[in-house]
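The values are calculated or read from the model by the stated rules, or taken from the named source; none is laboratory data. Just so it is clear, the structure is predicted and the values come from calculations on it, not from any experiment. Cβ atoms come from the backbone with ideal geometry, glycine included; neighbour counts cover every protein chain shown. Ligands, DNA and RNA are stripped out before the accessible areas are found, and what is left, the full protein with its side chains, is counted by its heavy atoms. Shrake-Rupley method; radii C 1.70, N 1.55, O 1.52, S 1.80 Å.
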Amino acid sequence: MTLTAFPPPPPGADYNELRQEVRAFLAEELADFPPEKRAKSWNGFSRDFSRKLAQRGWVGMTFPKEYGGHARSALERYVVSEELLAAGAPVISHWIADRQSGPLILAKGTEDQKRRIVPRIAAGELCFCIGMSEPDSGSDLAATRTIATEVEGGFRINGTKVWTTYAHVADYMILFCRTGKSDDRHGGMSQFLIDLKATPNIRISPIIDMGGEHHFNQVIFDDTFLPSDALLGEQGEGWSQVMSELAFERSGPERFLSSFALIEELIRLLRKEATEAQQAEIGRLSAHLMVLRQMSRSVAGMLNEGKNPALQAAIVKDLGALYEQDIPRLARSLVSRPAVPGGRDSYAAVLAYTELAVPSFSLRGGTREILRGIIARGLGLR
Amino acid sequence: MESMIHDMAERLFRNHVSHRLREDAAAGQCPEALWTLIEEAGLTMAMVPEEAGGFGVPAAEALGLVRISGAHGLPLPLAETLIANAVLASAGLAPPGGRLTIAEGAALRLERRGAAIHIRGPLTLVPFARWADRIVTVAALDGTDHVLSLPVKDLALAPGHDLAGMPRDDAEVDLALTEADARPLPRSIGGMRELGALIRSLAMAGAMETIVKMSVEYANDRVQFGRPIGKFQAIQHYLATMAGETAASRTAAEMAADSYDTPAFALTVAAAKSRSGEAAEKVGALAHQVHGAIGYTQEHALHHFTKRIWSWRDEFGTELDWTTELGRAALSSPRDTFWHFITDSTAQGTPA
């Protein structure tokens, strides 16, 4: 049964020297970065931080050198990613581009697209967002209605995208939409690379989340003209292109480290004194984390070998979200301190932030229900 | 992992370990003929170095046999014999052949009497003791761990069994061993508790893979309300949950097996045993829910596997034992942060 087998990451995947360099960099850069900001995890935004990280060669690490990358392995990138997340560094400005948009452009883009865009991603200069969900198309991505109609010299786009994370600051969007009719539910879809700063007739308005934060946006395309060279990959191949991104999107350490700031706060309190029952709960939390990390590193190893471990990635994301979401409950069962939004006590402030963040963890990047359906089919259910 | 020895074991167990064989074993009948085939295939000597007469299969690969035997619900002490032979060889003792088993020796008292070592004390819930020729254990003498090879015929046994009906016997030890059966361990390869926890984690992972497979087949075959029950989202989600828990268990157990004989062993075993034990509860419960009433009967094979994982989770340290140990290590770690503890706990060391 291959679905439950996660081969170990290749020997030497610790990259200890690199890890220590990243730790030293973060200790300096984030010396005054408080726990309540670290709690935002990979939702923290700082163009300045992303640029500095890129100067060290830690953005676009796996990209070829000719496109400004560093030709390093997926496992080296993994080390940098998990160190950033564990420290709660503000990474979202480059995160999506580095994780999936850059690799997608490299795999499917034209030479011109690669030369124009990829070196700027690797320089930490470009923020990407992803235009997938719509008001009537959430988990059911094939129900996408946004349509690109061919016109002279390009396409006209009409439709609405929602939950588009950081569209209000992003430089580029990778849009998923319909380009034609097809009998196949998954046919007639394409992807476009859109320069958000230079394209007229795109309306971006905020959707404030229940925690009061502005990550989401609604993006309306109103007869928006895109030149032909905005098409990314093959026309009509959008569905399979999106599916090949998913293993990158779903298996990384951001799928189980989103509540890590709360874990560090909790352990800081328990280090002084802990009962056996508290020790046991921390032991359980540690065991789960060690194992999730091993599974996630295993998927990174498979990606590095050019495999498409989409099913294993779905398992990592499902288990990872359960873990991240359970941390506030666990903290409450071990320490009796109320959550206080913006509180002076950093534990109380981090608990409050995390508590309001966790419901989204099993929604974003594929809901729990979608993932479990994928896993069940992978098991051979007819 | 492509492995000839795995393929061989898989074939052997598929052909010989039947529902009937497991039933008979649970009723007290040791499957002697199958044991002979296992020994002839050399499986028991896989972890013994070539210079000591074994096959010197790398530990991680040899330990894969334990997962495979778990996947078949093998009612014989292959895992125990594999480990016992490896421990004996590491102390320079010749593997004696025959069925061996292992036990935690912490309650034994050792005393030097002339050239012999006198050993006294209880061994509890020893797996397959009454079917074994020897119990291999580790206990301290003058602050040094010694490997002891105890002939079962010289021990007083009180028979018992686990949930799956497999022998779990208490033994009272009161005998003297010469240098031929008692040797200091030159280096620590982990105590019998760690090694026992390792093989139980691997066996649980294998058994859970079988349980998932049986559950998927049942969900495809069983028709209610005019369609296979696997068409219902509720059932699909149970199966997906079982697969996730099983994958986590296998990853955890293999992570521990990969760190066999390295400094990371103690912590990875603690993680493996507690993680797979926790999974055993969920996977067992959901498998029975998927199978409905038929899975709750003696005639259906499911119980051989669920009973085994529920027994194994308690052996060689319960989840509470291992999580407490791991948590204590995490909270008292001299590392700067919890994160550093986590990365160091599984570190493979600097690549060569």
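Here are some notes:
- Amide H contacts under 5 Å for A:Ala71, placed H, 5+ residues apart: A:Phe63, A:Lys65
- Panel values: chain B, Kirkwood radius from alpha carbon pairs, Stokes-Einstein at 4 °C and 1.567 mPa s, translational diffusion coefficient 62 µm²/s.
- For region B:119-265: span of alpha carbons on each principal axis (Å, largest first): 69, 37, 18
- Estimated at 0.36 nm per residue, the fully extended path between A:Glu66 and A:Glu213 surpasses their Cα-Cα distance by 49.1 nm.
- Counting charges near A:Ser296 (Lys, Arg +1; Asp, Glu -1) among other residues having Cβ under 12 Å from its Cβ returns a value of +3.
- Leading residue at positive end of dipole, the protein assembly as shown (Cβ point charges), from A:Ile374, B:Leu239, A:Cys177: A:Cys177
- Choice from A:Pro338, A:Pro253, A:Pro328 with maximal GNM fluctuation in chain A (Cα, 10 Å cutoff): A:Pro338
- Separation in nanometres of the label points that stand 7 Å from Cα toward Cβ, at B:Lys231 and B:Glu2: 4.1
- Of the trypsin sites (Lys or Arg not before Pro) found in region B:118-222, those in coil by DSSP whose Cβ has at most 16 other Cβ atoms within 10 Å are B:Arg187, B:Arg222.
- Each label point was placed 7 Å from the Cα along the Cα-to-Cβ direction; for A:Asn201 and B:Ala176 their separation is 10.1 nm.
- The residues of region B:1-70 expose on average 51 square angstrom of accessible surface per residue, using a 1.4 Å probe on protein heavy atoms.
- More than 23 Å apart - percent of Cα-Cα pairs taken over region B:4-184: 41
- Summary value for chain A: 17 percent relative contact order, contacts being C-alpha pairs under 8 angstrom separated by 6+ residues.
- Placed amide H near A:Asp222: partners under 5 Å, 5+ positions off or other chain: A:Arg203
- For chain B, the residue among B:Leu43, B:Ala71, B:His288 whose Cα projects farthest onto the positive side of the dipole built from Cβ charges is B:His288.
- Local electrostatic count at B:Asp321 - Lys and Arg +1, Asp and Glu -1, tallied over other residues with Cβ under 10 Å: -1
- Karplus-derived 3J(HN,Hα) values for region B:254-259, using 6.51 cos²θ - 1.76 cosθ + 1.60 with θ = phi - 60°, are 6, 4, 5, 4, 5, 9 Hz; glycine and proline are entered as x.
- Mean projected area (nm²) of the alpha-carbon convex hull when region A:251-378 is viewed from all directions: 8.5
- Relative contact order, whole percent, for region A:1-130 stands at 30, derived from Cα pairs under 8 Å and 6 or more residues apart.
- Within the listed set B:Ile102, B:Ile211, B:Ile117, the Gaussian network model of chain B (springs between alpha-carbon atoms below 10 Å) gives the highest mean-square fluctuation for B:Ile117.
- For B:Val173, net neighbour charge (Lys/Arg +1, Asp/Glu -1) across residues whose Cβ lies under 11 Å away: -2
- The share of accessible area on chain A that comes from carbon and sulfur is 50 percent, using a 1.4 angstrom probe.
- Longest to shortest principal axis, alpha-carbon extents of region A:16-126, angstrom: 43, 27, 18
- Taking amide H as placed 1.01 Å from N in the peptide plane, A:Leu232 has its amide H under 5 Å from the amide H of A:Gln191, A:Phe192, A:Leu193, each at least 5 places away in sequence or on another chain.
- Residue among A:Ala321, A:Ala261, A:Ala348 with the largest mean-square fluctuation in a Gaussian network model of chain A, springs linking Cα atoms under 10 Å: A:Ala348
- Taking every alpha-carbon pair in region A:168-224 and binning the separations at 5 Å intervals from zero gives 4, 15, 21, 20, 15, 14, 8, 3, 0 percent.
- Other protein chain Cβ atoms within 10 Å, averaged over every residue that makes up A:290-303: 5
- Interface area, B with A, accessible, probe 1.4 Å, both sides summed, Å² nearest 100: 4600
- Distance between region B:20-96 and region A:85-132 - C-alpha centres, whole angstrom: 52
- Between region B:105-121 and region A:200-258, the Cα center-to-center distance that results, in Å: 70
- Given 16 as the ceiling on other Cβ atoms within 10 Å, longest exposed-site-free region of chain A for GluC sites (Glu not before Pro) in DSSP loops: A:1-151
- Across peptide A:264-274, the mean count of Cβ atoms from other chains lying within 10 Å of each residue's own Cβ comes to 3.
- The protein assembly as shown - Debye-derived log10 I(q)/I(0), Cα point model, q = 0.06, 0.11 Å⁻¹: -0.41, -1.18
- Each Lys and Arg Cβ is given +1 and each Asp and Glu Cβ -1; about its Cα centre, region B:149-254 then shows a dipole of about 680 debye.
- Averaged over B:268-276, number of beta-carbon atoms from partner chains that fall within 10 Å: 4
- Degrees between helix B:4-16 axis and first principal axis of chain B (Cα, 0 to 90, nearest 10): 70
- Sites count as exposed loop sites when they are chymotrypsin sites (Phe, Trp or Tyr not before Pro), lie in a DSSP loop, and have at most 14 other Cβ atoms within 10 angstrom; the longest stretch of chain B without one is B:1-224.
- C-alpha center-to-center spacing [region B:245-265, region B:176-227] in angstrom: 12
- Mean Cα-pair separation over length for chain B, i.e. relative contact order, pairs under 8 Å, 6 or more apart, %: 15
- Debye intensity ratio in log₁₀ form over the Cα atoms of region B:192-345, taken at each q of 0.18, 0.21 Å⁻¹: -0.97, -1.19
- Taking N as the residue count of region A:169-293, its C-alpha radius of gyration divided by 2.2 N^0.38 Å amounts to 1.61.
- Multiplying each eigenvalue of the alpha-carbon gyration tensor of chain A by 5 and taking the square root yields semi-axes of 35, 22, 22 Å, largest first, rounded to whole angstroms.
- Lys, Arg +1 and Asp, Glu -1 on Cβ, resulting dipole of the protein assembly as shown about Cα centre, debye, nearest 20: 1100
- Simple Cβ-charge dipole of chain A, Lys/Arg +1 and Asp/Glu -1, about Cα centre, in debye nearest 20: 480
- Projected label distance in nm at A:Asn308 and B:Arg335, using a 7 Å step from Cα toward the beta-carbon: 3.6
- In order along region B:31-42, the phi-based Karplus estimate (6.51 cos²θ - 1.76 cosθ + 1.60, θ = phi - 60°) of 3J(HN,Hα) comes to x, 4, 5, 5, 4, 4, 5, 5, 5, 5, 6, x Hz; Gly and Pro are listed as x.
- Looking at region A:158-304 alone, DSSP beta bridges between its own residues are antiparallel in about 95 percent of cases.
- Rounded to the nearest Hz, the phi-derived 3J(HN,Hα) couplings of region A:28-43 under the Karplus curve 6.51 cos²θ - 1.76 cosθ + 1.60 (θ = phi - 60°) are 7, 5, 10, 3, 9, 8, x, x, 5, 7, 4, 4, 5, 6, 6, 8, where x marks glycine and proline.
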